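The structure appears below as structure tokens.
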Amino acid sequence: MEFSLVVALIAVASSCVFVHFLARGATKKRRSPAAKKLPPGSLGLPVIGQSLGLLRAMRSNSGERWVRRRIDRYGAVSKLSLFGKPTVLVAGAAANRFVFFSADTGRQEHILDLVGADHRRVRGALSEFLRPEMLRMYVGRIDGEARRHVAGCWSGRAAVTVMPLMKRLTFDIIASLLFGLGPGAAARDALAGDFKRVMGGMWAVPVDLPFTAFRRSLRAAARARRLLAGITRERKAALERGAATRSSDLIACLLSLTDDRGGAPLLSEEEIVDTAMVALVAGHDTSSILMTFMVRHLANDPDTLAAMHEEIARSKRDGEALTWEDLTRMKLTWRVAQETLRMVLPIFGNFRRALEDIELDGYVIPKGWQVFWVASVTHMDAAIFHDPDKFLPSRFDSQSSSPATAKAAPPCSYVAFGGGPRICPGIEFARIETLVMMHHLVRKFRWKLCCKDTFARDPMPTPLHGLPIEIEQRISP
């Protein structure tokens, strides 16, 4: 681990020492053995706790093994200390249900938290734009972005690096569809630069000092918000003069929403900017990571690649624009995507905070404690997914002839897009852009890996060197 990261971690954690010991002392004061049973485990060394061990495991792509060792030792609910805070780690199907359905936990604060916005109201507004009925109108625009991307970044090249290209593609699609920023727009390039800095600080140690990634991300987030506020005002004026419609982009859709009491705007300008920032962050990483790791897997699985090519080639003649109906026929391709997400879940987990004392699995999580939810445990559970280490897209095929792989997973076991009230509203959006891009790649190219096939989490899964591959253009029939 880098020395600077250790120093920064100790610096930020040391600011929590007093709170840390207060929390431990308060727990001892309030708790009676009969009334409050804390989970098994240890808080470890003061301030540091288990933080360095977790970070080291994440950097070496052994985070899942680190979690599995804790589960084997303490069970699916255990206490520890992370980043100066008393924490309860939760994992498994019961923990997934708890996280998805409990109203007693809230997200930890970060630089893109909503400011005074009601979660259900903003989520409902975003879901309005991401409804399948709305998204089917945008397949052509997504297809156009993918065609421009492939022509400019893939065609005529002998080698490419996949992950940065997928990140740029997903950003361009979001910029076009959500904010109305077309190719060549100066605002699109400015937002791309600021967004990269924002993402660089999302998982940085939260020390707001000059020259830190966190400070750079704060400044970039402020610039991005100002840019989106300007777009919001421009779109409002365009709607008023009839130069834009509700379906023009996400911001136009949000501006058009009204309440049930008299037609007043449902969201303020600040809430629209908040929603746009959340959509930008949430819609970026999952799809780019998914497509990158699909390319990675298919490089070593010629049978699956050939089957996908057959499915794709028979759906369209070369050069024809894709439609919603074409995407609904790409069933194997989406099963490959689902299995990729099962094996390489983009999100390792997240942190929440107990708003009240919570009972889970016979233990109490005290109010104010941090809850560290690990998402991927059920995905690799042999009791849920047969042969979990094998890549078997057929496990998502209800018509499969193999009962072992076609068996439906229990509720809250497959959590690539969350679940319950916290299911990702952008599932259909991610499905469309993934299918569109994979259609063009599989139809036009063959590829092989250029280097060792490995990846690490930092904290998102990242292939070695961004996944460089050699590509070969297919000859059109």
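Rounded to the nearest 0.05, what FRET efficiency is calculated for Asp318 and Thr161 with R0 set to 30 Å and r the Cβ-Cβ distance?
So the FRET efficiency works out to roughly 0.70.
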Check your understanding: Got a sec? What order do Lys79, Lys448 fall in by accessible area at 1.4 Å, biggest, i.e. largest, first?
Key -> Lys448, Lys79
Review point. For the peptides 342-354, 126-138, 413-425, what is the packing order when you average, over each peptide's residues, the other Cβ atoms within 10 Å and list the highest mean first?
Key: 342-354, 413-425, 126-138
Check your understanding: Which three lengths, in whole Å and largest first, does segment 257-303 cover when its Cα atoms are put on their principal axes?
Key -> 59, 19, 7
Study note, to complete from the structure: Residue separation between Asp397 and Asn300 times 0.36 nm, minus their alpha-carbon distance, gives in nm 32.7 nm
Study note, to complete from the structure: Taking a ≥ b ≥ c as the square roots of the eigenvalues of the Cα gyration tensor, with a/c under 1.5 meaning rounded and otherwise prolate when a/b exceeds b/c and oblate if not, segment 276-368 is prolate
Practice item. May I ask you to list the aspartates and glutamates whose Cα is less than 12 Å away from that of Lys448, ignoring any residue fewer than eight positions away on the same chain? Key: Asp301, Glu470, Glu472
Study note, to complete from the structure: For Thr434, the accessible surface traced by a 1.4 Å probe with all protein chains present amounts, in square angstrom to the nearest 10, to 0
Exercise for review: Jot down the radius of gyration and Dmax of segment 335-451, Cα atoms only, both in angstrom.
Suggested key: 17.8, 56
Point to revise | aspartates and glutamates whose Cα lies under 15 Å from that of Lys316, excluding same-chain neighbours fewer than 8 positions away | key: Asp143, Glu325, Asp326
Check your understanding: What is the local net charge at Gly182, summed over the other residues whose Cβ is closer than 11 Å to its Cβ (Lys, Arg +1; Asp, Glu -1)?
Key -> 0
Exercise for review: Please give the contour-minus-distance gain from Arg97 to Leu52: 0.36 nm per residue of separation, less the Cα-Cα distance, rounded to one decimal in nm.
Suggested key: 13.3 nm
Point to revise | Normalised per residue, the volume of the convex hull around the Cα set of segment 56-97 (Å³) | key: 82
Point to revise | Sparse-neighbourhood loop sites, chymotrypsin sites (Phe, Trp or Tyr not before Pro) in segment 184-286 - DSSP loop, at most 11 other Cβ within 10 angstrom | key: Phe211
**Study point:** Stokes-Einstein D (µm²/s) once Rh is taken as the Kirkwood radius of segment 50-473 over alpha-carbon pairs, at 37 °C in 0.692 mPa s
**Key:** 143
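The values are calculated or read from the model by the stated rules, or taken from the named source; none is laboratory data. Since this is a predicted model, take the numbers as computed values, not measurements. Cβ sites come from the backbone with ideal geometry, for glycine too, and all protein chains shown count toward neighbours. Surface areas here come from the heavy atoms of the whole protein model, side chains and all, with no ligands, DNA or RNA. Shrake-Rupley method; radii C 1.70, N 1.55, O 1.52, S 1.80 Å.
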